[in-house]
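Participant: What follows is a structure written as structure tokens; I'll ask about it next.
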Amino acid sequence: MWVKALSSILSYLLMGIGLTAAAICNNNANFTTSSTYGKNRELLLASLPLNVFAKGGFFTASTGQNSDIVYALAMCRGDYPPDVCYICLNSTIYDLIANCPNQKEALSWGVGSPCMARYANRPFLGILELEPMDSGYNTARITSNITEFDEIWDGLMDRVVIKASDGTSSLKFATGEANISVLEKIYALMQCTPDLSHEDCDTCLWQTANYYVRYWHGYGGGYVQSPNCWFRWDLYPFYTSDPSTSADLPPSTPGTSLPIITSADLLAFLLKQEKLA
Ligand SMILES: *[C@@H]1O[C@H](CO)[C@@H](O)[C@H](O)[C@H]1NC(C)=O
Ligand SMILES: *[C@@H]1O[C@H](CO)[C@@H](O)[C@H](O)[C@H]1NC(C)=O
Ligand SMILES: *[C@@H]1O[C@H](CO)[C@@H](O)[C@H](O)[C@H]1NC(C)=O
Ligand SMILES: *[C@@H]1O[C@H](CO)[C@@H](O)[C@H](O)[C@H]1NC(C)=O
């Protein structure tokens with residue numbers, strides 16, 4: 001049973017879509033605060049922001065033994081620079097611990113900007129999971145001919161799903177645009193956790209896009225997020241750039257034990273923070 005920690009109907013009504021904090025706890029299994037599982041969780045979650053930063057946007061790891069093993073995954077939206085990614089994950093992890101204080105499994109799609117952190121007491125790497133799903137829409141309605149609009153929208157989603165699932169084992173991310181009229185354009189963004197196969201990424205993205213159509217058809221924008229993929233579209237450009245045309249990111253490698261980031265990574269990060277300040 002998944003329970004949204006901050007359940008407010010307001011979080012579904014988006015004016016220009018400001019994604020809200022969305023920690024979702026799985027209440028099927030709990031641990032006690034002083035348990036080894038709890039300590040492992042804290043240690044592992046705390047290691048995520050810098051490792052995701054160092055690995056270019058995606059990182060997985062596990063720590064502990066037997067019934068105390070914790071598995072975790074973290075990912076940032078493909079168009080976010082590493083420092084923004086770090087800040088997003090840092091707040092997301094605090095939010096996860098605050099809202100799911102003793103649950104053995106939980107996930108969050110990020111505080112502020114989209115990044116995702118997830119942990120569980122079972123391995124989930126490479127496994128497509130469609131629950132829980134979270135969605136929202138823009139209150140503006142489509143005013144143009146909806147038949148014509150849908151045709152263009154479907155065509156764009158087709159292209160972006162293909163492009164995203166064609167990604168690599170370190171990044172499955174794509175954006176795309178289509179003209180509605182001389183003045184209007186639609187913008188779409190899709191991303192899978194890169195541990196998914198091409199087929200599973202394709203399935204995940206279609207499930208989220210279809211979910212949008214089922215619940216929010218006719219609204220001028222929206223998003224659906226699930227444990228393995230994200231989808232968002234809008235009538236204005238909400239992403240910064242396509243990573244395929246920007247700088248190369250270092251490839252990520254799945255971790256098997258609690259990893260330590262190198263001091264060179266940390267130094268590079270701190271220097272960049274200083275430059276931004
Ligand atoms: C776990 O804890 C949550 C909240 O503290 C509670 O609602 C839930 O029933 C608990 N689950 C079990 C299996 O004890
Ligand atoms: C991480 O988040 C916490 C809680 O929101 C905050 O107090 C801390 O300053 C953040 N650290 C960085 C480096 O952003
Ligand atoms: C919408 O466009 C379709 C296809 O071009 C057309 O058949 C239909 O009559 C249009 N509907 C309206 C209300 O203009
Ligand atoms: C969309 O419209 C712009 C100008 O309004 C044009 O330059 C561009 O080629 C069009 N794109 C497509 C895919 O038709």
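Participant: Determine the order of THR32, THR208, THR139 by accessible area, beginning with the largest, at a probe radius of 1.4 Å. Numbers along the way, then the final one.
Facilitator: Details: THR32 95, THR208 0, THR139 60 Å².
Ranking THR32, THR208, THR139 by accessible area, largest first, yields THR32, THR139, THR208.
Participant: Something else: Roll a 1.4 Å probe over the protein chains and send me the accessible area per residue for region 135-234 in Å².
Facilitator: 42
Participant: Quick one: 3J(HN,Hα) in Hz for region 211-220, Karplus 6.51/-1.76/1.60 with θ = phi - 60°, rounded, Gly and Pro as x.
Facilitator: 4, 4, 4, 5, 9, 10, 4, x, 7, x
Participant: For ASP68, what accessible area in Å² do you get when you roll a 1.4 Å probe over the heavy atoms of the protein chains, rounding to the nearest 10?
Facilitator: 50
Participant: Taking N as the number of residues in region 77-119, what is its alpha-carbon radius of gyration divided by 2.2 N^0.38 Å?
Facilitator: Numbers: Rg = 10.4 Å, N = 43, 2.2 N^0.38 = 9.2 Å.
Dividing the Cα Rg of region 77-119 by 2.2 N^0.38 Å gives 1.14.
Participant: Given q = 0.17, 0.21 Å⁻¹, what are the Debye log10 I(q)/I(0) values for region 135-234, with equal point scatterers placed on the Cα positions and solvent ignored?
Facilitator: Summing over Cα pairs of region 135-234 leads to -0.69, -1.00.
Participant: Keeping all protein chains in the complex and leaving out DNA, RNA and ligands, what accessible area do you get for ARG77 with a 1.4 Å probe, in Å² to the nearest 10?
Facilitator: Accessible surface of ARG77 is approximately 10 Å².
Participant: What FRET efficiency would be calculated for the residue pair ASN27, LYS185, taking the C-beta separation as r and a Förster radius of 51 Å, to the nearest 0.05?
Facilitator: Numbers: r = 42 Å, r/R0 = 0.83.
The pair ASN27/LYS185 has a calculated efficiency of 0.75.
Participant: Assuming 1.002 mPa s and 20 °C, estimate D for region 42-177 with Stokes-Einstein, Rh taken as the Kirkwood radius over Cα pairs, in µm²/s. Mind showing how you got there, number by number?
Facilitator: Numbers: Rh = 16.8 Å.
It comes out at roughly 128 µm²/s.
Participant: Also: Hey, if we sort ASP234, ASP150, ASP166 by accessible area with the 1.4 Å probe, largest down, what's the order?
Facilitator: On the way: ASP234 0, ASP150 45, ASP166 95 Å².
The most accessible residue leads, giving ASP166, ASP150, ASP234.
Participant: Contact order normalised by length for region 135-234, with contacts defined as Cα pairs under 8 Å and 6 or more residues apart; what percent is it? Mind showing how you got there, number by number?
Facilitator: Numbers: 183 pairs, mean separation 33.0, N = 100.
Dividing the mean separation by the residue count of region 135-234 yields 33 percent.
Participant: Here is a follow-up. Taking a 1.4 Å probe, which of VAL84, VAL182, VAL160 shows the most accessible area, and what order do the others take after it? Don't skip to the end; give the middle numbers.
Facilitator: Numbers: VAL84 50, VAL182 150, VAL160 5 Å².
The ranking, largest first, comes out as VAL182, VAL84, VAL160.
Participant: A further question follows. Restricting to Cα pairs below 8 Å that are 6+ residues apart, what does the relative contact order work out to for region 79-175? Please round to a whole percent. Please list the in-between numbers first.
Facilitator: Values: 62 pairs, mean separation 15.1, N = 97.
This gives 16 percent for region 79-175.
Participant: Still on this structure: So how much accessible area does LYS185 have, in Å² to the nearest 10, using a 1.4 Å probe?
Facilitator: Counting only protein heavy atoms, the figure is 70 Å².
The values are calculated or read from the model by the stated rules, or taken from the named source; none is laboratory data. Just so it is clear, the model here is predicted, and its values are computed rather than measured. Here the Cβ is made from the backbone with ideal geometry for all residues, glycine too, and neighbour counts use every protein chain on show. To get the accessible areas, we keep the full protein, side chains included, count just its heavy atoms, and leave off ligands, DNA and RNA. Shrake-Rupley method; radii C 1.70, N 1.55, O 1.52, S 1.80 Å.
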